[in-house]
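Trainee: Take a look at the following structure, please.
The values are calculated or read from the model by the stated rules, or taken from the named source; none is laboratory data. None of these values were measured; they are calculated from a predicted model. For neighbour counting, all protein chains shown are included, and Cβ atoms are generated from backbone atoms with ideal geometry for every residue, glycine included.
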Amino acid sequence: MAAARADLPFAGARGGRGRRLPAGAAARPDPRRRRVQLRRRPGLAPGGSGDRPGPGLNGVRTLFHISDLHFGPPHLPRVSRGVLEHVERHRPDLVVLSGDLTQRAKPEQFRAARAFVDQIQVPVVVVPGNHDVPLWRVWERVLDPYGCYRRHFSPELEPVYRDEEILIAGVNTAFGWTFKDGRITTRRLLELAELFEQTPESVFKVVVAHHHLIPPPNFGTQRVLGNAYEAIDLFSRAGVDLILSGHLHQAYIGSSEEFYPQGRPPVVILHSGTTTSNRGRGGERERNTCNWIRIDGESLVVSHLRWHRELDRFAEQSRHWYPRQERVPYTLEGLKGGGVPPMPTTL
């Protein structure tokens with residue numbers, strides 16, 4: 001199996017707990033205070049190659065976004081086969097899997113997840129979720145939280161895929177000291193800042209993380225990613241087009257300007273529900289969802305897909321169209337000069 005280009009290492013810095021929205025305008029460390037020298041080493045994005053896949057008709061590129069597979073007791077084998085059938089039938093350019101491959105981070109669950117991914121015949125970009133870190137095996141959780149993931153699924157936690165038209169940067173937000181909430185490390189934010197600086201503005205930029213950066217509507221007091229504001233501020237400055245996540249088991253699409261208005265071109269933020277488990281929540285209880293993403297030079301079109309038992313396949317539930325935003329060159333010097341505005345007291 002070929003390995004996609006993963007030019008950046010995993011981040012090992014410490015993180016912290018999430019926070020609820022809205023939050024007060026408390027002082028925050030500036031993630032751009034220091035620069036990190038990028039280390040170059042090969043990584044692994046299971047299922048594909050970093051070489052540019054052939055574009056679709058008229059240069060259209062397609063991504064298939066799945067999440068929260070939960071191999072283990074909650075996993076639904078027939079729906080899982082339906083994912084593979086959808087990929088085979090429609091042949092996306094890439095598949096993006098935003099975490100929670102397993103239910104309890106057990107070796108046999110990771111092996112089942114790996115066997116599933118190995119059947120996908122297009123490049124796959126995968127990041128871990130909080131369920132991919134041991135919960136009850138406390139010593140393993142503290143001393144070697146990713147050991148089972150690395151041994152039985154992939155050694156790479158934050159893969160990077162890129163070609164002439166698309167960049168997908170994986171972000172690990174799941175850590176041994178957090179039971180549910182996530183965080184992006186300062187080191188990873190710095191690495192991403194340098195990666196985006198090196199990427200032409202014409203390239204469509206995607207960030208994939210397990211934990212969500214904005215909450216769906218009517219979802220109570222659900223926490224968001226611990227430093228979501230700092231991350232979105234960086235991503236919007238750097239011209240990121242799309243953020244993919246999961247975790248909540250509820251599909252939703254929104255934008256950065258809805259929650260963190262900065263007067264900049266918005267970053268589209270897309271959640272997937274649980275694609276292959278019986279753990280759907282809210283309006284998606286007992287439902288399985290995923291996202292089909294179509295990109296061309298003028299627009300981004302997202303189709304929410306839902307598993308229909310009567311059809312025995314995934315079918316489109318809704319469609320959302322966004323114009324491609326005009327981007328300007330991004331530099332770290334400009335980022336340093338701008339500073340980080342305070343967190344708004346109301347949203």
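Trainee: How many residues does the stretch 274-288 contain that are at pLDDT 95 or above and either assigned to a strand (DSSP E or B) or small (Gly, Ala, Ser) (or both)?
Mentor: Final tally of qualifying residues: 0.
Trainee: Okay, moving on. Go through (1) at pLDDT below 90; (2) in contact with a Phe, Trp or Tyr (Cβ under 6 Å, 6 or more places away or on another chain) and name the single condition LEU157 misses.
Mentor: Of the numbered conditions (1) at pLDDT below 90; (2) in contact with a Phe, Trp or Tyr (Cβ under 6 Å, 6 or more places away or on another chain), the odd one out for LEU157 is (1).
Trainee: Also, I was wondering about something else. Restricting the stretch 173-188 to residues that are modelled with pLDDT of 85 or more, buried (at least 23 other Cβ atoms within 10 Å of the Cβ) and not β-branched (Val, Ile, Thr), which is farthest from VAL240 (Cα to Cα)?
Mentor: Within the stretch 173-188, the first condition is being modelled with pLDDT of 85 or more, and the residues that meet it are 173-174, 184-188.
Pick out the ones that are also buried (at least 23 other Cβ atoms within 10 Å of the Cβ) and you get 173-174, 184, 188.
From the residues that got through so far, the ones that are not β-branched (Val, Ile, Thr) too are 174, 188.
Working: ALA174: 22, ARG188: 15 Å.
Among those that are modelled with pLDDT of 85 or more, buried (at least 23 other Cβ atoms within 10 Å of the Cβ) and not β-branched (Val, Ile, Thr), it is ALA174.
Trainee: Do you know which of the residues in the stretch 237-270 that are among the hydrophobic types (A, V, I, L, M, F, W, C) and assigned to a loop (DSSP other than H, G, I, E, B) is farthest from the chain's Cα centre (by Cα)? Write out each step before concluding.
Mentor: At the first step, the residues of the stretch 237-270 found to be among the hydrophobic types (A, V, I, L, M, F, W, C) are 238, 240, 242-244, 248, 251, 253, 259, 267-270.
From what's left, assigned to a loop (DSSP other than H, G, I, E, B): 238, 240, 248, 251, 267.
Values: ALA238: 17, VAL240: 13, LEU248: 13, ALA251: 13, VAL267: 13 Å.
Checking each candidate, the answer is ALA238.
Trainee: Within the stretch 107-125, is there a residue that is modelled with pLDDT of 90 or more, within 20 Å of ALA209 (Cβ to Cβ), among the aromatic types (Phe, Trp, Tyr) and more than 18 Å from the chain's Cα centre (by Cα)?
Mentor: Among the residues of the stretch 107-125, at least one is modelled with pLDDT of 90 or more, within 20 Å of ALA209 (Cβ to Cβ), among the aromatic types (Phe, Trp, Tyr) and more than 18 Å from the chain's Cα centre (by Cα), which makes the answer yes.
Trainee: Restricted to the stretch 40-77, and to residues that are at pLDDT below 90 and of a type in the set (A, V, I, L, M), which residue is surrounded by the most Cβ atoms within 10 Å (Cβ to Cβ)?
Mentor: Among those residues, the one meeting the criterion is ALA45.
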